Structures are given as C-alpha cells and as structure tokens.
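Step one of this worksheet: look at the structure below.
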Ligand SMILES: [Zn+2]
C-alpha cells in the first residue's frame, strides 16, 4: 500500500489514489495580500511544500496551484488608508509573501492564479448559479442559496439547522438564510468591475472554485488549507462546486492545524503575532521549518521560544554532524550515490502513514547517530552511505543544512591542517585552524 492520508471530507484515513493515473493536481488556498504573514500562516506554506516534494519523490507527476487573493475589503481599506491603489498594496504584500515563503525554505507553487485575472469567469459562474436556482440577487448583491444544496455542512460535519443557530443572527436582512454567502458584492468604494447584476467585486469563496475549475476541471485530487478555512470557506467552495459541477471539488480535502502562541491563537488584535519577516536568518527560517514539519500536521502546535530553542538545538546538532562528515569524506576522497535502503524504506513507511513525522524525526536522529559513530570508527564507506541517506531525506523534507563542499583553497588548508596535526606541529596547525574556523569549516 502506498500513501494513506486523512481525508477531512470523509473523516477517514484513505489510501491515496489520484483520479488520473500518477498525475496529481493539488490546490491550496493562498494569502489575501494586505499584510505580512505570521509564523502560523507559514504552516500550510511549509506543509504543502513538503507534501508536493514527497508526492514527487513517490513518483507522482504533481501540479501544485496556490492562489493570491488580490481583491478584498481588507486590501481596499489598506489602499484607502495609505492613499495607494489596490494593485500597489497587493503587489507589495505579495512580494513580501514570496520573501517569507523563501525564508522558510519552500518553493513557489507551479501555478499562481490571481483573483483579479479571473473576473469574467467568476461573473459567468455566478450567472450559471443563478440560472440553476442556486443564486439570487438582492440590491445589486448576489447571494448563494445554501438551502438548495442537499449536503451543505458535509465537510464541517454539521447539519444546516445547527449551522444556522450557530451563525450570528444576521443583520443582513437581504439574505434568505443567515448562512447564505455573497457571490458578488455591490460596491461604491474601491476597485470594482461591471457585471450584469451591478458593478462590484466577487466574493472570496467564489474565487477559489472558479480558479480551480479553470486550471484543473470539475474535480481535483487534493484541496488543502488551514483548519480554520474548513468552515465557512471550504464548505462554501464545496457547495458551489456541487451546484455547478456536481462534484465535491476535490477527492481529498486535507487540513493542517493551527499554530498557537503559548496556547493562544495568534492575532493582530491580541498583539501576539510573530511575523515571518522578523526571522532574521535563513538558519532560523529553517529551524521554524523543522519545528513545523516535525509536529503532527493535524494537531495544534503550542509554539513557544522554548520549543523553538529545542528545535534549534536539534537542527544545529544535525548541521554539526553533517558538516564534519562531509568535510572528512571530502578529505578522504570518498563519495557515493548509494543510500541505506532500509532507512529509505522506513522513511517511506512513516511518510505513507499519513505523514507520521514523529517517527521520521526518530529515524533522522538514528541516522545522525550512525554518522557520528561511523565517523569515529573511521568507517568512511559506511559514513558516505549514511550521509547520502540523510541528504536524500532532507531534500524531500526541504530541510537545508547550508553546508557547501570545500573549494580548492579550503581543501588545501584542510589537508595542511590535518598534516600538521599528524606531525604534531601545533603552531602550523593553529594557523590553519584559524583559517578554517573563519571559513566556518571547523
Ligand atoms: Zn480557497
């Protein structure tokens, strides 16, 4: 059996079987670009990047799409506040977003649809919903009629009555049902587009469905996002897809848990936000990546400085072991393309078990331990294999240890340092040691 994954739509662990051979289409809800992302927002950025890498490693042909919401009330408000255009605000914060993505070691998605590029498609989609009786106009706004979708609530596992009583008593009397959501908002302020139902802008829930469909068709393999998007965003995406395409939009719905700061949800209003842009080194970005990757993906991460320090220690331990091993192997002239097949099999087994990263962490530490033992035992053939195994696993996880092989000058100094040590010429050894330390090799 290959990958087994938890499907939020069925609430079951399921064997992963793509719809179309080994082709995998995945879509993950991206950011609304009106501010900087915090370390909680970085969690899906890291997890789905790892998931894409692992699916590719498992032989799948993956196309990963993640959108940019570049039209929204928050962007418009920010633009007014700063006397800029929505486009200027969105572009600035989108660039900042990609900087943060890079900082935590993730790669850009293959496809990056922007909401504003799909407005005509969204308008015809809304017209289609209207024609089918799933949408109604009210004073220029267009709402989705939730009552017409039989299994509304199927993702969040709630029945409509419960959702209704849970929903705030609607002040918006224009709606037939408090759960109905805006497909199109009639607007006076900010950027707007002309539509048959009046000029305005599309609702957020509509964007993702339309872009998904345009890029991939009626149904995709994986739809991902943070747990907090399950309701109402993803529920509403499903409702629209059911209405228009008769599908649940995706075969597998995957959600990652939140990251809380000392047990409290991070939010600007509480003033407890740590922004990714404030991480001041690629080293710390990678420590954050490790912390997030090695936490069970469906659980809440109780983030704290202590937890960060704990992962910094682990990460530094791996870097030290890897660096020492790599330079020793270079000095000894040993290298290999072989991996320890038992370790790789174990890695696959744990990853296939709904990304059991805790077992992967144990495995990584075992490999690092063998690196240290084989190094001490001067068993360089075995060491080379273990080093290559660790590198292979870290490539799949996107963990970069930032250790480059020595260049000629450095290798020469390294050789002279070793020679001097063997000859007990400590004065010369000290000279080279100083050089190598400066280069961060020792
Ligand atoms: Zn979305």
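Nothing in this text is a laboratory measurement; each read-out follows from the coordinates by a stated rule. Values in this document were obtained by computation on a predicted structure and should not be read as measured data. Note: ideal-geometry Cβ built from the backbone for every residue, glycine included; neighbour counts use all protein chains shown.
Of all DSSP beta bridges in segment 1-99, what percent run antiparallel (nearest 5)?
Antiparallel bridges make up about 40 percent of those DSSP assigns within segment 1-99.
Which whole-number percent is the relative contact order of the chain (Cα, under 8 Å, 6+ apart)? Don't jump to the answer; show the numbers that get you there.
Values: 666 pairs, mean separation 75.4, N = 442.
Reported relative contact order: 17 percent.
Any idea what angle helix 42-57 forms with the longest principal axis of the chain, computed on alpha-carbon atoms, 0 to 90 degrees, nearest 10?
For 42-57 against the chain, the angle is about 70 degrees.
From the Cα gyration tensor of segment 358-440, with a ≥ b ≥ c the square roots of its eigenvalues, which class applies: rounded if a/c is under 1.5, or else prolate if a/b is larger than b/c, or else oblate? Write down the numbers at each step before the final one.
Working: a/c = 2.88, a/b = 1.92, b/c = 1.50.
Judged from the Cα gyration tensor, segment 358-440 comes out prolate (a/c at least 1.5, a/b above b/c).
Tell me the mean residue ellipticity at 222 nm calculated for the chain from its helices only (DSSP H runs of n ≥ 4, each -39500 (n - 2.57), averaged over every residue, nearest 500). Numbers along the way, then the final one.
Numbers: 14 runs with 206 residues, N = 442.
Roughly -15000 deg cm²/dmol at 222 nm, from the helical runs in the chain.
For a label point 7 angstrom out from the Cα of residue 111 toward its Cβ, which stretches of segment 32-72 have the backbone nitrogen within less than 12 Å?
Answer for this model: 63-67.
Quick one: if you stick a label point 7 Å off each Cα along the C-beta vector at residue 425 and residue 268, how many nm between them?
Distance between the two pseudo-spin positions: 6.4 nm.
Suppose each label sits 7 Å from its Cα in the direction of the beta carbon; what would the residue 73-residue 194 distance come out to in nanometres?
Once both label points are built, they end up 2.7 nm from each other.
Between the helical axis of 341-352 and the dominant principal axis of the chain, each derived from Cα atoms, what acute angle in degrees is found, rounded to the nearest 10?
Once rounded, one gets 20 degrees.
With every atom except the alpha carbons ignored, what do you get for Rg and Dmax of the chain, in angstroms?
Values for the chain (Cα only, Rg and Dmax): 25.9, 90 Å.
Given the options 425, 412, 404, which has the most mean-square fluctuation in a GNM of the chain, springs set between C-alpha atoms less than 10 angstrom apart?
Answer for the Gaussian network model of the chain: 425.
On a 0 to 90° scale, report how tilted helix 408-422 is relative to the longest principal axis of the chain, with both axes built from alpha carbons and the result rounded to the nearest 10.
Once rounded, the angle reads 40 degrees.
If each residue's Cβ is checked for other Cβ atoms within 10 Å, how do 8, 156 rank with the fewest at the top?
So the residues, fewest neighbours to most, are 156, 8.
Once segment 239-387 is represented by equal point scatterers at the alpha-carbon sites, with solvent omitted, what log10 I(q)/I(0) does the Debye formula produce at q = 0.10 Å⁻¹?
Values returned for q = 0.10 Å⁻¹ are -0.53.
Between 40, 200, 333, find the one with the highest GNM mean-square fluctuation for the chain; connect C-alpha pairs within less than 10 Å.
Checking each option, the largest mean-square fluctuation is seen for 333.
Shape verdict for segment 262-317, please, from the Cα gyration tensor: rounded (a/c under 1.5), prolate (a/b greater than b/c) or oblate. Intermediate results must be reported in sequence, preceding the final value.
Working: a/c = 2.05, a/b = 1.33, b/c = 1.55.
Taking the square roots of the gyration eigenvalues as a ≥ b ≥ c, segment 262-317 is oblate.
Pop the C-beta distance of residue 440 and residue 345 into the FRET formula with R0 = 30 Å and round what comes out to the nearest 0.05. Mind showing how you got there, number by number?
Values: r = 35 Å, r/R0 = 1.15.
Step by step, r from the Cβ atoms, then E = 0.30.
For segment 29-94, taking Cα atoms only, what is the radius of gyration to one decimal and the Dmax to the nearest whole Å?
My reading of the Cα-based Rg and Dmax gives 15.3, 49 Å.
Among the DSSP beta bridges whose two residues both lie in the chain, what percent are antiparallel, rounded to the nearest 5? Before the final figure, lay out each step's value.
On the way: 18 of 40 bridges.
Antiparallel: roughly 45 percent of the beta bridges in the chain.
Given axes a ≥ b ≥ c from the Cα gyration tensor, I'd like to know whether segment 305-397 is rounded (a/c under 1.5), prolate (a/b larger than b/c) or oblate.
On the way: a/c = 2.36, a/b = 1.31, b/c = 1.80.
It is oblate, given that a/c is not under 1.5 and a/b is not larger than b/c.
Go ahead and set up a Gaussian network model of the chain, Cα springs under 10 Å, then flag whichever of 337, 372, 359 fluctuates most.
Top of the fluctuation ranking is 337.
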